[in-house]
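The values are calculated or read from the model by the stated rules, or taken from the named source; none is laboratory data. All figures in this text were calculated on a predicted structure; none of them were measured in a lab. All Cβ positions, glycine included, derive from the backbone under ideal geometry; neighbour counts span all protein chains shown. Just so you know, the surface numbers come from the protein's heavy atoms only, side chains and all, with ligands and any DNA or RNA stripped out. Shrake-Rupley method; radii C 1.70, N 1.55, O 1.52, S 1.80 Å.
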Amino acid sequence: MKITRDLITKVDSDDMWGLMCDFPNHWKEVMKLTEDIELSVDSEKVKNICFVGMGGSTIGADLTRAYSLKSCPYPVQVNRHYEIPNYINENSLFIACSFSGNTEETLSALGSALEKGAQIIAVTSGGRIKKLAIEHGFDYVQIPGGMPPRAALAYSFVPLFRIFQTLGYLDEDDHVLEETYRLLKEGVSKYQDFSDNDALALAEELNGSLPLIYSDALMMEPVNLRWRGQIEENAKMLVYGNLIPEMNHNEIVGWEHLAHLAGRLSVVILQDKEDNPRVKKRMEIVKELVMDQALSVIEISTIGKTRLERLFSLVQLADWVSMYLALLNEIDPTPITKIDILKSKLAEV
């Protein structure tokens, strides 16, 4: 399948292509929107932090948790459920992430956090969560709406970065946001040239296979998750993944008996220069162990000077790979029909 402008116009009815091109513009806009963020949180009371949210609304929380692993002095959890951990109390900072403001699970969890007296911040475009923030007087950051949550990652991540900055949980200033903006802008210029780019080449290599995404379990964990989510939602393909070193203690043995999957699995190994040295060695050995059974083994490394640039270099690549996979199969990337059906059936209960 040859990618052309006419094909994009024909297939991409809701302009996901345009939203991906606007990623750096969203980033710049929300940097401005949050530059003077004010919080009423009593930081001296905080002893633990819990994000809550689902799907594309929460990938920013995953990235923030992983990014702050070595700078935040408190345990940080991302909770994807109706129910919340028992430890949540008045010493908890509870951050609700819902792009629409109406996510069923997030509203349930938020109600429980209010009952337990947690300090709350919400990041949302509006909906019932904004109404609750006004009613109960907790902090909220209102972000622009009108797009699929997975296409609004800049809006869902940068406010969380700013919140952690303001509370002293990150030790970096705004230059990392500026540098990442420049990287994203360069990425758009590179990836929208469908005559020749790495994202299209990788999509062509993965097309028709079942991708498996492997990475280190620390900073690259949410990037691994983003790769899977974007390919699943945009290209409507199943994708699986696991983390190293954990998969070395179980999943690696599963490669011994692949049956009908032999020769149909494409392995993508996401790498960063700060991956644990022993994990790097494990990745090399994993490559050797699966190479004969896999259709291909592709190693991809982050690019950029700062940690934030490196993190988002592979996030952006995932977005464009998923877009090209959709186009190669003439699939409209925006509709999420099965999710819509699931929600409508739940609404009947």
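Could you check how much of the accessible area of the chain is carbon and sulfur, as a whole percent, using a 1.4 Å probe?
That fraction is 50 percent.
Let me have the 222 nm mean residue ellipticity of the chain computed from DSSP H runs of 4+ only, each contributing -39500 (n - 2.57), with the sum over all residues rounded to the nearest 500.
-14000 deg cm²/dmol
Output the 0 to 90 degree angle, nearest 10, between the alpha-carbon long axis of helix 127-136 and the longest principal axis computed from the alpha carbons of the chain.
Taking Cα atoms only, the helix is inclined about 30 degrees.
Apply 1/(1 + (r/R0)^6) to the Cβ-Cβ distance of Lys47 and Tyr240, taking R0 = 56 Å, and write down the FRET efficiency to the nearest 0.05.
After rounding to 0.05, the efficiency reads 0.95.
Relative to the Cα centre, what is the charge dipole magnitude of the chain, using +1 at the beta carbon of each Lys and Arg, -1 at the beta carbon of each Asp and Glu, and rounding to the nearest 20 debye?
Its charge dipole is roughly 340 debye.
Can you list the aspartates and glutamates whose alpha carbon is less than 20 Å from that of Lys116, not counting same-chain residues fewer than 8 positions off?
Counting by Cα, and skipping residues close in sequence, Lys116 has these aspartates and glutamates nearby: Asp42, Glu44, Glu83, Glu90, Glu104, Glu105, Glu135, Asp139.
Sequence gap at least 6, Cα distance under 8 Å: using those rules, report the relative contact order of the chain to the nearest whole percent.
20 percent
Averaged per residue, what accessible surface does the chain expose to a 1.4 Å probe, in Å²?
45 Å²
Tell me the angle of helix 277-290 to the major Cα principal axis of the chain, expressed in degrees between 0 and 90 and rounded to the nearest ten.
40 degrees
With every protein chain kept in the model, how would you rank Ile37, Ile231, Ile285 by accessible area, 1.4 Å probe, largest at the top?
Ile285, Ile37, Ile231
Pairs Lys45/Lys305; Lys10/Lys343; Lys28/Lys190; Lys32/Lys70: which are spaced more than 30 Å apart, C-alpha to C-alpha?
In this structure, Lys45/Lys305 lie more than 30 Å apart at Cα.
What is the distance, in nm, between label points placed 7 Å from the Cα along the Cα-to-Cβ direction at Glu115 and at Ser13?
For the pair Glu115/Ser13, the computed spacing is 4.2 nm.
At 0.36 nm per residue, minus the direct Cα-Cα distance, what do Glu205 and Glu83 gain on full extension? Give it in nm, one decimal, please.
39.9 nm
For the range 161-292, compute the orientation-averaged projected area of the C-alpha convex hull (one quarter of its surface), in nm².
Taking the Cα atoms of the range 161-292, their convex hull projects to 10.4 nm² on average.
Protein chains only, probe 1.4 Å: how do Ser125, Ser344 rank by accessible area, largest first?
Ser344, Ser125
Classify the range 208-248: rounded, prolate or oblate, from the alpha-carbon gyration tensor (a ≥ b ≥ c, eigenvalue square roots; a/c under 1.5 rounded; otherwise prolate if a/b is larger than b/c)?
Oblate, because a/c is 1.5 or more while a/b does not exceed b/c.
Cα-based Rg (one decimal) and Dmax (whole number) for the range 308-349, in Å?
Just the Cα atoms of the range 308-349 yield Rg and Dmax of 15.3, 44 Å.
What does the extension gain come out to for Asp198 and Lys287, with contour length at 0.36 nm per residue minus their alpha carbon separation?
30.0 nm
Which residue, chosen from Leu7, Leu210, Asn250, occupies the Cα position most advanced towards the positive end of the dipole of the chain, where the dipole is computed from +1 (Lys, Arg) and -1 (Asp, Glu) charges on Cβ about the Cα centre?
Of the candidates, Asn250 comes out farthest on the positive side.
What is the distance, in nm, between label points placed 7 Å from the Cα along the Cα-to-Cβ direction at Ile339 and at Ser100?
In this crude label model, Ile339 to Ser100 measures out at 0.9 nm.
So for the range 202-270, what percent of the C-alpha to C-alpha distances run longer than 19 Å?
Taking all Cα-Cα pairs of the range 202-270, the fraction more than 19 Å apart is 34 percent.
Can you give the Kirkwood hydrodynamic radius for the range 1-159, in Å, rounded to one decimal and based on Cα pairs?
16.6 Å
In whole Hz, what ³J(HN,Hα) sequence does the range 151-160 give by Karplus (6.51, -1.76, 1.60; θ = phi - 60°), x for Gly and Pro?
8, 10, 4, 4, 5, 8, 8, 4, x, 5
Apply the Karplus parameterisation 6.51 cos²θ - 1.76 cosθ + 1.60, with θ equal to phi minus 60°, to every residue of the range 226-241 and state each ³J(HN,Hα) to the nearest whole Hz, in sequence, with x for glycine and proline.
4, 4, 5, x, 5, 5, 5, 7, 7, 9, 6, 10, 6, 9, 10, x
Work out the length of the dipole vector of the range 8-165 about its Cα centre, built from +1 on the beta-carbon of each Lys and Arg and -1 on the beta-carbon of each Asp and Glu, and round it to the nearest 20 debye.
The dipole of the range 8-165 has a size of about 260 debye.
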